[in-house]
Amino acid sequence: MSRIMRATRAVIAGGLLASGVAVVVSGQAGQPPASARTPMDELLIEVRAIRADLDRAAAVSLRGQLLGMRLQLQEQRLAAISRQLSEVQERLRANQGARTSLTSMLSTFAGNKEPASPEERQQMNMMFAPLKQQLAALDKADTDLKAEESALIGQLHEEQNRWTAFNGQVEELERASAGKNIR
């Protein structure tokens with residue numbers, strides 16, 4: 001009996017071994033070679049591509065926000081310089097009006113007949129002295145204002161060039177992001 005049991009056990013063990021090998025071989029026969037990708041591999045590749053796209057989109061978005069803020073600051077600078085320039089030009093016009101008024105007053109008084117006596121001449125000079133001082137002050141203010149106007153015009157051109165450069169970068173970013181396909 002023990003012989004029969006041993007033989008039975010051997011047959012059962014051999015059968016199990018054969019069926020195990022058959023299962024392994026049949027399972028491997030249904031799989032593609034190791035170099036082929038599984039659906040899980042494909043999914044992993046797609047997730048990595050989406051992650052890379054999100055990283056690029058975030059970087060482009062951040063760059064766009066920064067450029068937008070720079071553009072806004074540049075526009076504020078332009079507005080401030082334009083306002084300063086307008087104020088200087090308004091003061092120049094006011095000076096010109098005051099100068100015209102003073103000049104006409106001086107020419108009106110000078111157009112009158114020459115004073116006969118030295119005393120009258122001295123009185124006329126004393127009367128004209130404050131007007132001439134005002135005219136000299138207006139001339140100096142005019143010179144200073146024209147220099148300030150010239151500097152502001154230079155600054156304005158410089159800031160406009162910066163604005164144009166920032167705007168060009170924004171447009172470049174728009175073109176670059178418009179060409180990308182979003183999945």
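What to note about this one:
- So THR108, is it touching a Leu at 6+ places or on another chain (Cβ under 8 Å) and among the hydroxyl-bearing types (Ser, Thr, Tyr): no
- Residue match in segment 92-111 (condition: under 20 Å from ALA151 (Cα atoms) and free of Cβ contacts under 8 Å to residues at least 40 places away in the same chain): yes
- Every condition in (1) part of a helix (DSSP H, G or I); (2) at pLDDT below 90; (3) loosely packed, with under 12 Cβ neighbours inside 10 Å; (4) among the charged types (D, E, K, R) holds for GLU114 except the one numbered (1).
- Here LEU43 meets the list (1) within 60 Å of the chain's Cα centre (by Cα); (2) more than 30 Å from ARG175 (Cβ to Cβ); (3) at pLDDT below 90 almost entirely, failing just condition (3).
- Condition met for ALA147 (assigned to a helix (DSSP H, G or I), closer than 30 Å to MET69 by Cβ, modelled with pLDDT of 95 or more and within 36 Å of the chain's Cα centre (by Cα)): no
- Count of segment 122-175 residues which are touching a residue at least 40 places away in the same chain (Cβ under 8 Å) and small (Gly, Ala, Ser): 1
- Residue in segment 57-71 that is at pLDDT 80 or above, among the basic types (Lys, Arg) and closer than 25 Å to LEU138 by Cα present: no
- Test set (1) over 30 Å from GLN155 (Cβ atoms); (2) modelled with pLDDT of 80 or more - LEU17 fails condition number: (2)
- Where ALA36 falls short, out of the listed (1) modelled with pLDDT under 90; (2) in a helix (DSSP H, G or I): (2)
- Subset of segment 77-111 that is modelled with pLDDT of 85 or more and of a type in the set (Val, Ile, Thr) - its residue that is surrounded by the fewest Cβ atoms within 10 Å (Cβ to Cβ): THR100
The values are calculated or read from the model by the stated rules, or taken from the named source; none is laboratory data. Computed from a predicted structure; not experimentally measured. Every residue, glycine among them, receives a Cβ derived from its backbone with ideal geometry; neighbour counts consider all protein chains shown.
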